Amino acid sequence: MTKLGGFRKKNIAVFISGTGSNFKNLHKFSLKKNTRFKINLLVCNNKKAKGLIHAKKFKIKTTVINYQNKNKAEKKILYSLKKNKIELICLAGFMKILSKNFIKIFNRKIINIHPSLLPKYKGLNTHEKVIKNNDKFSGCTVHYVNSKLDTGKIILQKKVKVLKNDNPEKLAKRVLKQEHFLYPKALNKVLINL
Ligand code: GRF
């Protein structure tokens, strides 16, 4: 148990499928004195995910799950979450949809980061949609996870201006930069009340 300045750092698990830049960034923040969380576990459905290298380097526990059978996969994840006393889950580029039952077990204790200004552009290819529709702004959203994709209560959002010569790649890069500011901030906000 880590107790700092009157509060105990809560145990969180981060779920990823790929690069894991948000995971790395959350980890960096977790080491700061005034953040309210520590990363006890990384859950990943892809054994080739880049994010696993960072976890290994910093000796963060990992659970790598083969998702061929969703029911079995979720059972293993739940076991691992319990074993590591996880209090809150952060989805960060996790490309699997959690079952209703799983979400119920962790009711209001799963949050996600999404690269658009929800409720606009749920699902994939958000930057392509923004450019195609000539939107003036895009951005990112941290929200609670419920059983409908990208519809849970919004915790924090950050706007990003769409520039004249933007393409989806350029925009994605600038949005991701803002994600790295937004996610730790939103997480701390959630943890104040947990
Ligand atoms: C981010 O854009 C996030 O909003 C979305 O998936 C991407 C993950 O990027 N859910 P990374 O793996 O954290 O770099």
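The values are calculated or read from the model by the stated rules, or taken from the named source; none is laboratory data. All figures in this text were calculated on a predicted structure; none of them were measured in a lab. Here Cβ is always computed from backbone atoms with ideal geometry, including for glycine, and neighbour counts include all displayed protein chains. Keep in mind that these areas ignore ligands, DNA and RNA; they rest on the heavy atoms of the full protein, side chains included. Shrake-Rupley method; radii C 1.70, N 1.55, O 1.52, S 1.80 Å.
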**Prompt:** Can you name every residue in segment 74-103 that is of a type in the set (Gly, Ala, Ser) and buried (at least 20 other Cβ atoms within 10 Å of the Cβ)?
**Reply:** 92, 93
**Item:** Only listed residue being open to solvent by less than 20 Å² (accessible area, probe 1.4 Å) and either more than 13 Å from the ligand (Cβ to nearest atom) or among the hydrophobic types (A, V, I, L, M, F, W, C) (or both), chosen from 41, 52
**Value:** 41
**Asked** What number of residues within segment 106-121 are at pLDDT 95 or above and either in contact with a helix residue (DSSP H, G or I) (Cβ under 7 Å, 6 or more places away or on another chain) or surrounded by fewer than 15 Cβ atoms within 10 Å (Cβ to Cβ) (or both)?
**Response** 7
**Prompt:** Pick from 35, 63: which is under 23 Å from residue 155 (Cβ atoms), open to solvent by less than 30 Å² (accessible area, probe 1.4 Å), away from the ligand (no atom under 16 Å from the Cβ) and of a type in the set (Ser, Thr, Tyr)?
**Reply:** 35
**Prompt:** Would you say residue 133 is more than 15 Å from the ligand (Cβ to nearest atom) and either open to solvent by 30 Å² or more (accessible area, probe 1.4 Å) or closer than 24 Å to residue 96 by Cβ (or both)?
**Reply:** yes
**Prompt:** Are any residues in segment 1-29 small (Gly, Ala, Ser) and within 14 Å of the chain's Cα centre (by Cα), and if so, which ones?
**Reply:** 13, 17, 18, 20, 21
**Request:** Report the residue count in segment 1-53 for those that are touching a Gly at 6+ places or on another chain (Cβ under 7 Å), closer than 23 Å to residue 82 by Cα and of a type in the set (Ser, Thr, Tyr).
**Result:** 1
